[in-house]
Amino acid sequence: MGMQIGSGSSGEPEVMIEMNMTPLIDVMLVLIIMLIITIPIQNHAVNLNMPVNAPPAANVEKPEVITIDVDFDGTVLWNGVAIQNNADLEARLLGVATTPNQPEVH
């Protein structure tokens, strides 16, 4: 008769080495639910102070639109008209910048 090591035909169950995770998961779920319940409800609104009896805005004229295009070969176009050199472009931009109602430059 020898000594039996490991699983054999003995009637005693083997010792479990692994930890039972089910109770830990249950406790974590309860904690998460309690955390969600106790978090205060936050408003995602922005409060604005709007004018109550403001007169309607005056009719604002739409500004003139100036388009500046640069072609693939370096040609600069001012509203579709070719500009000869950079000095002419700078003069036009300075002229536009000094006007009281400045146009939009695209």
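Looking at the range 53-75, which of the residues that are modelled with pLDDT of 80 or more and of a type in the set (A, V, I, L, M) is farthest from residue 106 (Cα to Cα)? So, considering only residues that are modelled with pLDDT of 80 or more and of a type in the set (A, V, I, L, M), the one farthest from residue 106 (Cα to Cα) is 70.
Residues in the range 33-55 that are in a helix (DSSP H, G or I) and more than 28 Å from the chain's Cα centre (by Cα): 33, 34, 37, 38.
The values are calculated or read from the model by the stated rules, or taken from the named source; none is laboratory data. Since we're looking at a predicted model, the values are computed, not measured.
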